Amino acid sequence: MTADTQNLTIASDGPEDGAAQQAGANTMWGGRFAAGPAEVMEQINASISFDQRLYAQDIAGSKAHCAMLVEQAIISKEDGASILSGLDTILSEIENGSFTFKASLEDIHMNVEARLRELIGEAAGRLHTGRSRNDQVALDVRLWTRDAIDGLEAGLRALQAALIAQAEAEAETIMPGYTHLQTAQPVTLGHHLMAYVEMLGRDRSRLADCRARLNESPLGAAALAGTSFPIDRQATAAALGFERPMANSMDAVADRDYVLEFLAAGAILTVHLSRFAEELVLWCSPGFQFVQLSDAFSTGSSIMPQKRNPDAAELIRGKAGRVVGALNSLLVVMKGLPLTYGKDMQEDKEPLFDAADTLQLCVTAMTGMVQDMTARRDTLRAATDQGFITATDLADWLVRRLGLPFRQAHHVTGSIVRLAEERGCALVELPLTAMQGVEAGITEEIFDVLSVDKAVASRASYGGTAPAQVRKAIAAAKERFL
Ligand code: ARG
């Protein structure tokens, strides 16, 4: 959508039609009004500065509605034809930047209709038969959200592909796994990255659920109660790619739960992205040095020449605030609104647009960062030397080979860890006799499980970190997600 990014030209001139113009009243409802709005009224009321982004959806909806009105013999074929060609002209005017949006015409719906009237005259007034701005805006926002979901879905798939490619390259790269950010057990980097592939898979599935639920057409609900014209809601629903028309006209114009669902799914997604971003920030810090981000995704410092800052990751972490904020903001807008439409609901658009833009940007930036990053295999492996990382393997061995109850094995292992700590050595460096001093049954065999490679290879349970399992998980993920 080109007009999404174009700068808006909003003209400050008022309405310009007949009697209403003389009074300064709005052309759309001038009959009832003697005077025009206060300047600040126009300012608080107008949504055109942001809802112009709905132009393509608005015109698509109007075309479907118009075709249906002709089909049902509610308007003449001739009027229908000139409305349709006028709408096409408007679409190209908006796309080539020659359309002038007017704040005096409030929103995208009235800007389009007023221009249609300039282009084709009286017949333009027939387009709004059996329709209201209430079902029109509900329709536009549904269509826009549906497109946003489709775009995000493609972006998430690309991010998963980038993660899977890195996981495949690092399926055998050993690193510490953490709980409480304390060294816990050795894992592979491939396994760690695949954890995010799963999370993003659920994000995609949440968005798909949201899409399926929102894919019903509100068009034809009219203001709130339906219409006395013999419209065909099935036809417009089908023409616009919806599964069916919404069953209740009041619900159709009153709810914005589909935007809330999108924002809720987006908020969870942004939290996933933010956690990964935080890990990247840690991983490329001097304390860890687990990965190197490319020059393309790092920035320097204007004063400290040694710095390589992970700004993109930090911004992805920070932008979570906007998306979570958008969800909050619309929840508060909707809470306590009586049925059906209230102008409060015009406040749905900015959070929706901002969150959708932010999510798309973050997903794309994250994809680039992942594609470009390099794992520092030596540092990752060296980090497993700290923290007695194979202590659990020692305890498991005591259970398996000596038949100790796990709790007792845990206790024995604790004593051996303390011994290593006192001597300032790794578990694998302790003499056998020292371990036998704690538990007489321990044999040479223990050294097999104290190595990180063996510890990792042994965790071959389904969903575990053994490289063989990780490779299976990668193969399955390619089937499920790509
Ligand atoms: N700009 C309005 C919105 O975004 C369109 C619907 C206006 N409906 C009305 N009855 N005033 O919500």
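What follows draws every value from the coordinates through simple rules; no lab data is involved. If you're wondering where the values come from, they're calculated on a predicted model, not measured in any experiment. Using ideal geometry, Cβ is built from the backbone for each residue, glycine included, and neighbour counts are taken over all protein chains shown.
Here is how the numbers come out for the structure above:
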| item | result |
| --- | --- |
| Computed E for A223/L337 - FRET, C-beta separation, R0 22 angstrom, nearest 0.05 | 0.85 |
| Degrees separating the helix 349-372 axis from the principal Cα axis of the chain, which is the longest one | 40 degrees |
| Cα-Cα over 30 Å, subset of K63/K319; K102/K349; K307/K349; K307/K472; K102/K319 | K63/K319; K307/K349; K307/K472; K102/K319 |
| Dimensionless Rg ratio for region 195-267, taking C-alpha atoms and the 2.2 N^0.38 Å reference | 1.36 |
| Restricting region 294-351 to trypsin sites (Lys or Arg not before Pro) in coil, as DSSP defines it, with at most 11 other Cβ within 10 Å | K307, K335 |
| Trypsin sites (Lys or Arg not before Pro) within region 156-236: DSSP coil, no more than 13 neighbouring Cβ in 10 Å | none |
| Qualifying chymotrypsin sites (Phe, Trp or Tyr not before Pro) in region 433-481, DSSP loop, other Cβ atoms within 10 Å at most 12 | Y462 |
| The chain - mean residue ellipticity at 222 nm from DSSP helices (-39,500 (n - 2.57) per run, n ≥ 4, rounded to 500) | -19500 deg cm²/dmol |
| Share of Cα-Cα pairs in the chain lying beyond 40 Å, as whole percent | 42 percent |
| Ranked list, fewest to most other Cβ atoms within 10 Å of each Cβ, for V428, V187 | V428, V187 |
| Beta bridges per DSSP with both ends in the chain, % antiparallel, nearest 5 | 70 percent |
| Alpha-carbon centroids, region 291-350 and region 169-221: separation in whole Å | 19 Å |
| Share of Cα-Cα pairs in region 356-450 lying beyond 21 Å, as whole percent | 47 percent |
